[in-house]
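Peer 1: Just dropping this structure here.
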Amino acid sequence: MSTEAAPPPVTPTDEQQKKPEEPRRASTIHSESYMKKLNLVFRSMKRSRDFFAADYQAYPEVNEKGDELMKGIKKRNEYRHVLNHVDEARRKKEDEIMKVPTASGIIADVVRQGEVLAITGGEAGQAKKSASGGQLISTLPVGSQPRAEDNTTRALLPSKAPVMIKPKWHAPWKLYRVISGHTGWVRSVDVEPENQWFASGGADRIIKIWDLASGKLRLSLTGHISSVRAVKISHRNPYLFSGGEDKQVKCWDLEYNKVVRHYHGHLSAVQALAVHPTLDVLISTARDSTARVWDIRTKCQIHCLSGHTNTVADVVCQATNPQVITGSHDSTVRLWDLAAGKTMCTLTHHKV
């Protein structure tokens, strides 16, 4: 067994203790210098912001002289020919205006050349005493040549605004008569050309003929199985046409008071009817987005005017082109060529 004593513990010297503290102190010094620099940068930024904050959102000043010069150069380079035409047109207009006789030229024919027009006489516009001692008013030379400045000024004056014709006053309209007889909504009315009677169709599926003078019921026509949406009286034949929500278009003979023709083809409720003023042609419109042209005599369909995308609500027919005009729930109005059966024009200015 060994009896040697354990070596004493080694204690670090002062120099060895200072060695790890040196890099720590260097890093601390470095961070302090970095923070000082950062503070200086922040202070500089703050001063800059305080100095320029008022003008931050302001637009830079525009050099008006340079801007005008740039516009003038661009105008000459790109619009030279247009400006030449404008100047030439202006000169022509001024030449025409100068040829127009002025008031002074008209007076020159009455007053001798060189005279002076004044209240009490005088020359060269100078004020003189009259025989009665009164003071002259400033004179106006007459008979001189018309000046271009006067003509140009007169031409530039605004013309007189158009005056709207005031309508003649009449007594307020008064209710003349109330006619009742339908048991449902009255959907359509049409007056006979000779102004003797009129027809009405309603939701009660009945067409009623009324005396226009007395307002009494003359006749009731039954035959539709749903609401009557349109009635139209022919101006050339003794016929009454009707269309309803039962998809039917009927032709009534007013001499026998019965249906003589049916026009089949619509796939939904009929909305409106129109009779051509010079041809034996009937036009009907419906919810199936079509307007159909019928031969009144043969019951044949001449055209199916398609193009609308919704219910065709109304139709008008005239003798001159466009002979058929339709209005639809698709916010359009179409003008049709009746001979070709095609759209001539579509008006789309209506908005939903």
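The values are calculated or read from the model by the stated rules, or taken from the named source; none is laboratory data. Note that the coordinates shown come from a computational prediction; the quantities given were computed from them, not determined experimentally. FYI the Cβ positions are ideal-geometry reconstructions off the backbone, even for glycines, and counts take in every protein chain you see. Just the protein is used for accessible areas: all its heavy atoms, side chains included, with ligands, DNA and RNA removed. Shrake-Rupley method; radii C 1.70, N 1.55, O 1.52, S 1.80 Å.
Peer 1: Over the stretch 207-352, with every protein chain in place, what whole percent of the accessible area is carbon and sulfur at 1.4 Å, could you tell me?
Peer 2: Ligands and nucleic acids excluded, carbon and sulfur reach 50 percent.
Peer 1: Which order do the peptides 36-44, 213-221 come out in when sorted by mean C-beta neighbours inside 10 angstrom, highest first?
Peer 2: Peptide ranking by packing, descending: 213-221, 36-44.
Peer 1: Same structure, new question: Taking the Kirkwood radius as the inverse of the mean 1/r across Cα pairs, report the Rg/Rh of the stretch 219-352. Mind dumping the intermediate values first?
Peer 2: Working: Rg = 14.3 Å, Rh = 14.9 Å.
Result: Rg/Rh = 0.96.
Peer 1: Got a sec to turn the phi values of the stretch 336-352 into Karplus ³J(HN,Hα) couplings, 6.51 cos²θ - 1.76 cosθ + 1.60 with θ = phi - 60°, whole Hz, x for Gly and Pro?
Peer 2: Result, ordered by residue: 10, 8, 5, 5, 8, x, 10, 6, 8, 7, 10, 9, 10, 7, 6, 10, 6 Hz.
Peer 1: Sort 166-177, 197-208, 257-268 for me by packing, meaning the mean count of neighbouring Cβ atoms within 10 Å per residue, highest on top. Kindly include the intermediate steps, with their values, before the conclusion.
Peer 2: Working: 166-177: 5.4, 197-208: 20.4, 257-268: 14.4.
Those peptides, ordered most packed to least, come out 197-208, 257-268, 166-177.
Peer 1: Can you give me the long-range amide H partners of ALA272? Hydrogens built in the peptide plane at 1.01 Å from N, cutoff under 5 Å, separation of 5 or more residues or another chain.
Peer 2: The answer is THR285.
Peer 1: By accessible area of protein heavy atoms, probe 1.4 Å, what ranking do ASP87, ASP253 get, highest first? Walk me through the numbers before you get to the answer.
Peer 2: Numbers: ASP87 60, ASP253 20 Å².
Reading off the accessible areas and sorting them downward yields ASP87, ASP253.
Peer 1: Further question on the same structure: Rounded, prolate or oblate: pick one for the stretch 169-284, where a ≥ b ≥ c are the square roots of the eigenvalues of its C-alpha gyration tensor, a/c under 1.5 means rounded, and failing that, prolate if a/b is larger than b/c, else oblate. Could the numbers behind the result be given before it?
Peer 2: Numbers: a/c = 1.72, a/b = 1.44, b/c = 1.20.
Prolate, since a/c reaches 1.5 and a/b exceeds b/c.
Peer 1: Further, regarding this structure: Given a cut-off of under 8 Å on Cα pairs at least six residues apart, what relative contact order in percent is computed for the stretch 159-306?
Peer 2: 12 percent
Peer 1: Further, regarding this structure: Taking θ as phi - 60°, what are the ³J(HN,Hα) couplings along the stretch 289-306 by the Karplus curve (6.51, -1.76, 1.60), each to the nearest whole Hz, with x for Gly and Pro?
Peer 2: The phi angles translate into 6, 10, 10, 10, 9, 10, 7, 4, 7, 9, 6, 7, 7, 7, 9, 10, 7, 10 Hz.
Peer 1: Return the long-range amide H neighbours of SER188 (sequence gap of 5 or more, or a different chain), with a cut-off of under 5 Å between placed amide H atoms.
Peer 2: Excluding prolines and chain starts, which carry no amide H, the hits are GLY201.
Peer 1: How high is the FRET efficiency between GLU64 and VAL86 when r is their beta carbon distance and R₀ equals 30 Å, given to the nearest 0.05? Before the final figure, lay out each step's value.
Peer 2: Numbers: r = 25 Å, r/R0 = 0.82.
The pair GLU64/VAL86 has a calculated efficiency of 0.75.
Peer 1: Can you list the HN-Hα couplings for the stretch 190-196, worked out from phi with the Karplus curve (6.51, -1.76, 1.60; θ = phi - 60°), rounded to whole Hz and with x for Gly and Pro?
Peer 2: 8, 9, 5, x, 8, 6, 9
Peer 1: Measuring from centroid to centroid over Cα atoms, what is the spacing of the stretch 65-98 and the stretch 172-229 in Å?
Peer 2: 69 Å
Peer 1: Right, here's the next one. Need one word for the stretch 221-263: rounded, prolate or oblate. Basis is the Cα gyration tensor (sqrt eigenvalues a ≥ b ≥ c); a/c below 1.5 gives rounded, then a/b vs b/c decides.
Peer 2: Details: a/c = 2.09, a/b = 1.61, b/c = 1.30.
Cα axes put the stretch 221-263 in the prolate bin.
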